[in-house]
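The next block holds one structure in the form of C-alpha coordinates; read it before the comments.
The values are calculated or read from the model by the stated rules, or taken from the named source; none is laboratory data. In this text the structure is predicted, and so the values were computed from the model without any measurement. Neighbour counts run over all protein chains shown; Cβ positions are idealised from the backbone, glycine included.
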Amino acid sequence: MEFLESDLFNYLLLPLLIALARVVDVSIGTLKIILISRGNKMLAPVLGFFEVLVWLMAVTRIFQNLDNWACYIAYAFGFAIGTYVGIRIEEKLALGVLLIRIITREDATKLIKILRREGFGVTAIRAEGSSGEVGILYSVIKRKSIKNYVEKIKEYNPKAFYTIEDIRFVSQPVYDIPDKVSKRKYFSLRP
(Lines give C-alpha, C1' and ligand atoms only; values in the text may rest on other atoms or scores of the structure.)
Protein backbone atom coordinates (compact mmCIF):
# COMPACT_ATOMS: atom_id res chain seq x y z
CA MET A 1 0.00 0.00 0.00
CA GLU A 2 2.92 2.27 0.70
CA PHE A 3 4.18 1.84 -2.88
CA LEU A 4 0.79 2.97 -4.29
CA GLU A 5 1.26 6.30 -2.51
CA SER A 6 4.89 6.82 -3.52
CA ASP A 7 6.07 9.46 -5.99
CA LEU A 8 7.43 6.69 -8.20
CA PHE A 9 3.96 5.22 -8.57
CA ASN A 10 2.07 8.53 -8.82
CA TYR A 11 4.35 10.29 -11.29
CA LEU A 12 5.73 7.41 -13.34
CA LEU A 13 3.84 4.14 -13.12
CA LEU A 14 0.30 5.52 -12.84
CA PRO A 15 0.71 7.89 -15.82
CA LEU A 16 2.26 5.04 -17.80
CA LEU A 17 -0.73 2.80 -17.02
CA ILE A 18 -3.15 5.59 -17.97
CA ALA A 19 -1.30 6.16 -21.26
CA LEU A 20 -1.40 2.43 -22.04
CA ALA A 21 -5.11 2.26 -21.23
CA ARG A 22 -5.74 5.18 -23.62
CA VAL A 23 -3.68 3.52 -26.35
CA VAL A 24 -5.82 0.40 -25.97
CA ASP A 25 -9.21 2.13 -25.80
CA VAL A 26 -8.53 4.61 -28.61
CA SER A 27 -7.12 1.86 -30.84
CA ILE A 28 -10.24 -0.18 -30.22
CA GLY A 29 -12.39 2.90 -30.87
CA THR A 30 -10.63 3.60 -34.16
CA LEU A 31 -11.21 0.03 -35.32
CA LYS A 32 -14.83 0.25 -34.17
CA ILE A 33 -15.46 3.38 -36.24
CA ILE A 34 -13.88 1.79 -39.31
CA LEU A 35 -16.03 -1.33 -38.87
CA ILE A 36 -19.16 0.80 -38.48
CA SER A 37 -18.35 2.69 -41.66
CA ARG A 38 -18.04 -0.64 -43.45
CA GLY A 39 -21.37 -1.89 -42.13
CA ASN A 40 -20.10 -4.49 -39.65
CA LYS A 41 -23.01 -4.76 -37.24
CA MET A 42 -21.68 -7.64 -35.13
CA LEU A 43 -18.10 -6.84 -34.13
CA ALA A 44 -18.45 -3.06 -33.71
CA PRO A 45 -20.70 -3.26 -30.58
CA VAL A 46 -18.36 -5.80 -28.95
CA LEU A 47 -15.40 -3.51 -29.55
CA GLY A 48 -17.46 -0.60 -28.20
CA PHE A 49 -18.04 -2.48 -24.95
CA PHE A 50 -14.31 -3.02 -24.37
CA GLU A 51 -13.46 0.50 -25.51
CA VAL A 52 -15.71 2.06 -22.87
CA LEU A 53 -14.66 -0.40 -20.17
CA VAL A 54 -10.97 0.48 -20.59
CA TRP A 55 -11.82 4.19 -20.86
CA LEU A 56 -13.76 4.06 -17.58
CA MET A 57 -10.80 2.48 -15.80
CA ALA A 58 -8.47 5.22 -17.08
CA VAL A 59 -10.86 8.07 -16.25
CA THR A 60 -11.48 6.67 -12.78
CA ARG A 61 -7.75 6.88 -12.05
CA ILE A 62 -7.65 10.43 -13.41
CA PHE A 63 -10.48 11.53 -11.11
CA GLN A 64 -8.78 9.87 -8.16
CA ASN A 65 -5.65 11.91 -8.92
CA LEU A 66 -6.95 15.31 -10.03
CA ASP A 67 -3.89 17.08 -8.66
CA ASN A 68 -1.46 14.93 -10.68
CA TRP A 69 -0.49 16.80 -13.87
CA ALA A 70 1.43 13.75 -15.15
CA CYS A 71 -1.85 11.84 -15.46
CA TYR A 72 -3.28 14.54 -17.74
CA ILE A 73 -0.23 14.47 -19.99
CA ALA A 74 -0.31 10.66 -20.08
CA TYR A 75 -4.02 10.68 -20.93
CA ALA A 76 -3.50 13.02 -23.90
CA PHE A 77 -0.35 11.20 -25.02
CA GLY A 78 -2.17 7.85 -24.89
CA PHE A 79 -4.99 9.28 -27.00
CA ALA A 80 -2.58 10.47 -29.70
CA ILE A 81 -0.62 7.22 -29.80
CA GLY A 82 -3.84 5.17 -29.67
CA THR A 83 -5.17 6.96 -32.75
CA TYR A 84 -1.97 6.17 -34.64
CA VAL A 85 -1.89 2.53 -33.45
CA GLY A 86 -5.56 2.02 -34.38
CA ILE A 87 -4.95 3.29 -37.91
CA ARG A 88 -1.86 1.09 -38.31
CA ILE A 89 -3.75 -1.99 -37.08
CA GLU A 90 -6.55 -1.30 -39.55
CA GLU A 91 -4.01 -0.89 -42.38
CA LYS A 92 -2.43 -4.23 -41.50
CA LEU A 93 -5.80 -5.98 -41.33
CA ALA A 94 -6.73 -4.42 -44.71
CA LEU A 95 -10.43 -4.90 -44.08
CA GLY A 96 -12.95 -4.19 -46.76
CA VAL A 97 -13.47 -3.97 -50.46
CA LEU A 98 -12.47 -1.25 -52.91
CA LEU A 99 -13.67 -0.01 -56.27
CA ILE A 100 -10.88 1.03 -58.62
CA ARG A 101 -11.75 3.16 -61.63
CA ILE A 102 -9.06 3.65 -64.28
CA ILE A 103 -9.44 6.19 -67.07
CA THR A 104 -6.92 5.98 -69.89
CA ARG A 105 -6.37 7.45 -73.33
CA GLU A 106 -3.96 4.66 -74.21
CA ASP A 107 -4.89 1.17 -75.37
CA ALA A 108 -5.49 -0.79 -72.17
CA THR A 109 -5.51 -4.27 -73.71
CA LYS A 110 -2.23 -5.29 -72.10
CA LEU A 111 -3.23 -3.87 -68.70
CA ILE A 112 -6.57 -5.70 -68.83
CA LYS A 113 -4.84 -8.94 -69.77
CA ILE A 114 -2.29 -8.63 -66.95
CA LEU A 115 -4.91 -7.70 -64.33
CA ARG A 116 -7.10 -10.63 -65.34
CA ARG A 117 -4.10 -12.96 -65.34
CA GLU A 118 -3.40 -11.79 -61.78
CA GLY A 119 -6.95 -12.81 -60.90
CA PHE A 120 -8.65 -9.43 -60.85
CA GLY A 121 -12.03 -8.95 -62.44
CA VAL A 122 -12.00 -6.06 -64.89
CA THR A 123 -14.95 -4.43 -66.63
CA ALA A 124 -13.89 -2.26 -69.57
CA ILE A 125 -15.98 0.30 -71.46
CA ARG A 126 -15.34 2.91 -74.09
CA ALA A 127 -16.28 6.47 -73.19
CA GLU A 128 -15.93 10.03 -74.35
CA GLY A 129 -13.65 12.29 -72.28
CA SER A 130 -13.01 16.02 -72.55
CA SER A 131 -10.25 15.44 -75.10
CA GLY A 132 -11.66 12.49 -77.01
CA GLU A 133 -12.20 8.77 -76.61
CA VAL A 134 -11.02 7.09 -73.41
CA GLY A 135 -11.23 3.66 -71.87
CA ILE A 136 -12.69 3.17 -68.43
CA LEU A 137 -11.81 0.08 -66.40
CA TYR A 138 -13.60 -0.94 -63.23
CA SER A 139 -12.51 -3.50 -60.67
CA VAL A 140 -13.85 -4.48 -57.26
CA ILE A 141 -11.04 -5.96 -55.18
CA LYS A 142 -10.16 -6.87 -51.63
CA ARG A 143 -8.33 -4.06 -49.90
CA LYS A 144 -5.31 -6.24 -49.16
CA SER A 145 -4.72 -6.52 -52.94
CA ILE A 146 -4.47 -2.79 -53.62
CA LYS A 147 -0.67 -2.59 -53.66
CA ASN A 148 -0.35 -5.32 -56.30
CA TYR A 149 -3.15 -3.81 -58.40
CA VAL A 150 -1.70 -0.28 -58.39
CA GLU A 151 1.76 -1.64 -59.24
CA LYS A 152 0.26 -3.22 -62.37
CA ILE A 153 -1.36 0.08 -63.37
CA LYS A 154 1.91 1.96 -62.94
CA GLU A 155 3.86 -0.68 -64.84
CA TYR A 156 1.52 -1.26 -67.80
CA ASN A 157 -0.30 2.08 -68.12
CA PRO A 158 1.63 4.68 -66.11
CA LYS A 159 -0.23 7.70 -67.54
CA ALA A 160 -3.63 6.33 -66.55
CA PHE A 161 -5.78 8.32 -64.14
CA TYR A 162 -7.25 6.16 -61.40
CA THR A 163 -9.42 6.57 -58.34
CA ILE A 164 -9.93 4.22 -55.41
CA GLU A 165 -13.09 4.20 -53.32
CA ASP A 166 -14.21 2.20 -50.29
CA ILE A 167 -17.27 0.06 -50.86
CA ARG A 168 -19.64 -0.62 -48.01
CA PHE A 169 -21.49 -3.58 -49.50
CA VAL A 170 -20.99 -5.95 -52.43
CA SER A 171 -23.69 -8.37 -53.54
CA GLN A 172 -21.31 -11.25 -54.28
CA PRO A 173 -18.35 -12.33 -52.12
CA VAL A 174 -15.95 -13.17 -55.00
CA TYR A 175 -13.61 -10.37 -56.04
CA ASP A 176 -10.10 -11.41 -56.97
CA ILE A 177 -9.44 -15.12 -56.92
CA PRO A 178 -6.49 -16.07 -59.14
CA ASP A 179 -7.29 -19.80 -59.34
CA LYS A 180 -10.74 -19.10 -60.83
CA VAL A 181 -9.57 -17.00 -63.77
CA SER A 182 -11.11 -18.34 -66.95
CA LYS A 183 -9.81 -18.13 -70.50
CA ARG A 184 -11.26 -14.84 -71.67
CA LYS A 185 -11.05 -12.99 -74.93
CA TYR A 186 -9.35 -9.67 -74.45
CA PHE A 187 -10.47 -6.69 -76.42
CA SER A 188 -8.96 -3.36 -77.21
CA LEU A 189 -10.63 -0.21 -76.03
CA ARG A 190 -9.46 1.41 -79.23
CA PRO A 191 -11.23 0.69 -82.53
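The table for this structure:
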{"read-out": "From 106, 90, residue being assigned to a loop (DSSP other than H, G, I, E, B) and in contact (Cβ under 8 Å) with a residue 24 or more places away in the chain", "value": "106"}
{"read-out": "Where residue 86 falls short, out of the listed (1) surrounded by fewer than 16 Cβ atoms within 10 Å (Cβ to Cβ); (2) in the same structural domain as residue 32 (by TED's automatic domain parsing)", "value": "(1)"}
{"read-out": "The listed residue being part of a helix (DSSP H, G or I), among the hydrophobic types (A, V, I, L, M, F, W, C), in contact with a Gly (Cβ under 6 Å, 6 or more places away or on another chain) and within 30 Å of residue 171 (Cα to Cα), out of 35, 31, 47", "value": "31"}
{"read-out": "Any chance residue 72 is at pLDDT below 90 and either part of a helix (DSSP H, G or I) or touching a His at 6+ places or on another chain (Cβ under 8 Å) (or both)", "value": "no"}
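Residue-wise test of (1) under 30 Å from residue 31 (Cα atoms); (2) at pLDDT 95 or above.
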| position | (1), (2) |
| --- | --- |
| 106 | no, no |
| 131 | no, no |
| 136 | no, yes |
| 144 | yes, no |
| 173 | yes, no |
| 177 | yes, no |
